[in-house]
Amino acid sequence: MSKAFIAAAGAALIALGASGLAWSEHDDDDGDRKGHREGKGLMARGDLARVTNAHYRAECGGCHFAYQPGLLPAASWAQVMGTLDNHFGDDATLDPAVTAELLTYLEGNAADRNDRVRSRAFAARPIQGEGPPRITQTAYFQRKHDEVPVRYVKNNPKVGSFGNCQACHRGADTGDFSEDQVNIPGVGRFED
């Protein structure tokens, strides 16, 4: 390599670091690799992006937790939105224009279309199981919850199912699913 190329590459790396967009990686509290962009408010670390679409929060969040788009890949969101007439046993049909808006939002911010480490983990492997895709069927979700006793969740009237994220993850609404935010009702902090 020429000295000019090495000098140019070094200058580019220094400029990137000075711009506040340097990428750093570290182990989070549960051993996963977490990365984040530092500076200028561009957080792309392991946590998920907040829900920012008001129609999505109102329409979907009116019946259940408004799951962050980064919890499923785009194809899974398309399948969920394409079967609203039988949405996990309920008819959740929306006006076609609203459905189109929500699908655009969900697909544009889906797990396989953003740079957040935790979102990419949700999109890493195909979803296993029958019927419409469920966040609880993703390999990442199952790995992160494999040591949580079922009785703490399904037999717990304050939780009821693994899909009731906000019952145990105090930061779920803001996209913070870190272990230090877990507090299972009737059980307390849970660490595997």
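Residues of region 76-99 that are at negative phi, assigned to a loop (DSSP other than H, G, I, E, B) and among the hydrophobic types (A, V, I, L, M, F, W, C): A92, L94. In region 147-159, of all residues being touching a residue at least 12 places away in the same chain (Cβ under 8 Å) and charged (D, E, K, R), the one that is surrounded by the most Cβ atoms within 10 Å (Cβ to Cβ) corresponds to K158. Residues that are over 16 Å from T52 (Cβ atoms), touching a residue at least 12 places away in the same chain (Cβ under 8 Å), out of contact with any strand residue (DSSP E or B) (no Cβ under 8 Å at 6 or more places or on another chain) and not basic (K, R) within region 117-129 comprise A121, F122, A123, A124, I127, listed in sequence order. Residues in region 155-191 that are assigned to a helix (DSSP H, G or I) and either over 20 Å from the mean Cα position of the chain (by Cα) or not hydrophobic (A, V, I, L, M, F, W, C) (or both): 6 in all. Of all residues in region 115-131, those that are crowded, with 18+ Cβ neighbours inside 10 Å and part of a loop (DSSP other than H, G, I, E, B) total 2.
With respect to N114, is the statement that it is farther than 21 Å from N53 by Cβ and in contact with a Gly (Cβ under 8 Å, 6 or more places away or on another chain) true? Here the answer is no, as N114 does not meet what is asked. For region 155-183, the candidate set comprises residues that are at pLDDT 95 or above and in contact with a Gly (Cβ under 8 Å, 6 or more places away or on another chain); within that set, the residue that is nearest to T52 (Cα to Cα) is A167. Within region 100-114, the set of residues being in a loop (DSSP other than H, G, I, E, B) and either out of contact with any Pro (no Cβ under 9 Å at 6 or more places or on another chain) or touching a residue at least 60 places away in the same chain (Cβ under 8 Å) (or both) comprises N109, N114. Going through (1) under 20 Å from R189 (Cβ atoms); (2) in contact with a helix residue (DSSP H, G or I) (Cβ under 6 Å, 6 or more places away or on another chain) one by one, I135 falls short only on (1).
The values are calculated or read from the model by the stated rules, or taken from the named source; none is laboratory data. Predicted, not measured: the structure shown is a model, and the values here were computed from it. Because the Cβ atoms are built from the backbone with ideal geometry, glycine has one as well, and the counts that use them run over all protein chains shown.
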